[in-house]
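Heads up: the structure comes next, in structure tokens.
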Amino acid sequence: MIQMKNTDKKIAIVSNYKQHSQELGQELMQKLRQEGFILTLKNPDIVISVGGDGMLLSAFHRFERQLDKVRFIGVHTGHLGFYTDYQSFELDELVENLKMDRGARVSYPILGVRVALENGDVYHMKALNESTFKRSDRTMVADVFINKVHFERFRGDGISISTPTGSTAYNKSLGGAVLHPSIEALQIAEMASLNNNIYRTLGSPIIVPKKDKIEIIPTRTDRHTITIDNRTYTHKNIEKVEYQIDHHKIHFVATPRHTSFWNRVKDAFIGDIEE
Ligand code: NAD
């Protein structure tokens, strides 16, 4: 564990466009400055996102080249979020916890995405929740390989590949399982696959272990859409998309408010049930 004084810690605060989040970000900045923390967007040690899960996703992408060094904290200004530990009225508690912070972190796997185009261009991206692959205008037809095994020819709306922390997001709406983030695995979930006596896919979500590579090769190279969390990319000439657990992880500050995964799942989807 790293021994750090407040004055050694560089903190970046990023807020969404909403007025409440902006004001809260300013208030937090003042409180942290008073305690001797350095506020900077350049090479921070800690990134605090103020908003919701969407803002934490944006903060992740803003600092995705510095993942090994940065630890994240989420403050939510709306309803309870999945990546957000503090509510807007808990800023003082957040500052106190940061004063006691000694560098402890909680780390979760992320998704590495490699997109190869027919012209030889290659793009590498990272996703915190998931990446989806769809044909833009018509039914997608694509061959799915898992570790070089031609697993199936998919026909349907598209395919989602999610991380364990993303398993509670889009993946869950697609009927995927909720996966504890200590399990380093990816999940493939189908989006409205065609299944009849001509077309056949497995039809159930698939959990793929660390190191296994998923490859999706469209049979046609017209316009396809790739989403990476809250971003969308469209290409005309995709040759292949590869998915694998990334070498990097996302790190969160392990403050006492960092609740257990099962608490988050319960709070988000079940709540308190009157007996
Ligand atoms: P957003 O910020 O409005 O997020 C959409 C909803 O997803 C919010 O309620 C947010 O709290 C929730 N969410 C985000 N990450 C989550 C997670 N890991 N676990 C549980 N809930 C989570 O919209 P956005 O900024 O465009 O966010 C993009 C995310 O929205 C995508 O990564 C995808 O997972 C999700 N999404 C879901 C659906 C769906 O469920 N049908 C469709 C599209 C996108």
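Tabulated results
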{"read-out": "Whole-number percent relative contact order across region 1-96, with pairs defined as alpha carbons under 8 Å at least 6 apart", "value": "27 percent"}
{"read-out": "Debye, to nearest 20: dipole size of the chain, +1 on Lys, Arg Cβ, -1 on Asp, Glu Cβ", "value": "840 debye"}
{"read-out": "Förster radius 25 Å - calculated FRET efficiency between Val141 and Ser204 (Cβ-Cβ, nearest 0.05)", "value": "0.80"}
{"read-out": "J(HN,Hα) series, region 104-117, from Karplus relation 6.51 cos²θ - 1.76 cosθ + 1.60, nearest Hz, glycine and proline x", "value": "5, 9, 10, 10, 10, x, 10, 9, x, 10, 10, 10, 10, 9"}
{"read-out": "Region 219-275 versus region 180-208: alpha-carbon centroid distance in Å", "value": "15 Å"}
{"read-out": "C-alpha center-to-center spacing [region 130-175, region 10-41] in angstrom", "value": "38 Å"}
{"read-out": "Burial ranking of peptide ranges 259-272, 31-44, 227-240 (average Cβ count within 10 Å, highest at the top)", "value": "227-240, 31-44, 259-272"}
{"read-out": "Table column - 3J(HN,Hα) (Hz), region 207-217, Karplus curve with 6.51, -1.76, 1.60, x for Gly and Pro", "value": "9, 10, x, 3, 6, 6, 10, 9, 10, 10, 10"}
{"read-out": "Proximal charge balance of Asp222 [Cβ under 10 Å; K/R count +1, D/E count -1]", "value": "+4"}
{"read-out": "Ellipticity estimate at 222 nm from DSSP helix runs (n ≥ 4, -39,500 (n - 2.57)) divided over the chain, nearest 500", "value": "-5000 deg cm²/dmol"}
{"read-out": "Per residue accessible area in Å² of the chain, where ligands, DNA and RNA are left out and the probe is 1.4 Å", "value": "49 Å²"}
{"read-out": "Sum of side-chain charges, Arg257 neighbourhood, beta-carbon under 11 Å (Lys, Arg +1; Asp, Glu -1)", "value": "-4"}
{"read-out": "Karplus (6.51, -1.76, 1.60) ³J(HN,Hα), θ = phi - 60°, over region 183-192, in Hz, Gly and Pro reported as x", "value": "8, 7, 8, 10, 10, 9, 10, 7, 10, 6"}
{"read-out": "Members of Lys99/Lys126; Lys42/Lys99; Lys42/Lys210; Lys126/Lys236; Lys18/Lys236; Lys126/Lys213 lying beyond 25 Å, as alpha-carbon distances in this model show", "value": "Lys99/Lys126; Lys42/Lys210; Lys18/Lys236"}
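The values are calculated or read from the model by the stated rules, or taken from the named source; none is laboratory data. Not measured: the values here are computed from a predicted model. Note: ideal-geometry Cβ built from the backbone for every residue, glycine included; neighbour counts use all protein chains shown. These area figures cover heavy atoms from the full protein model, side chains too; ligands, DNA and RNA do not enter into them. Shrake-Rupley method; radii C 1.70, N 1.55, O 1.52, S 1.80 Å.
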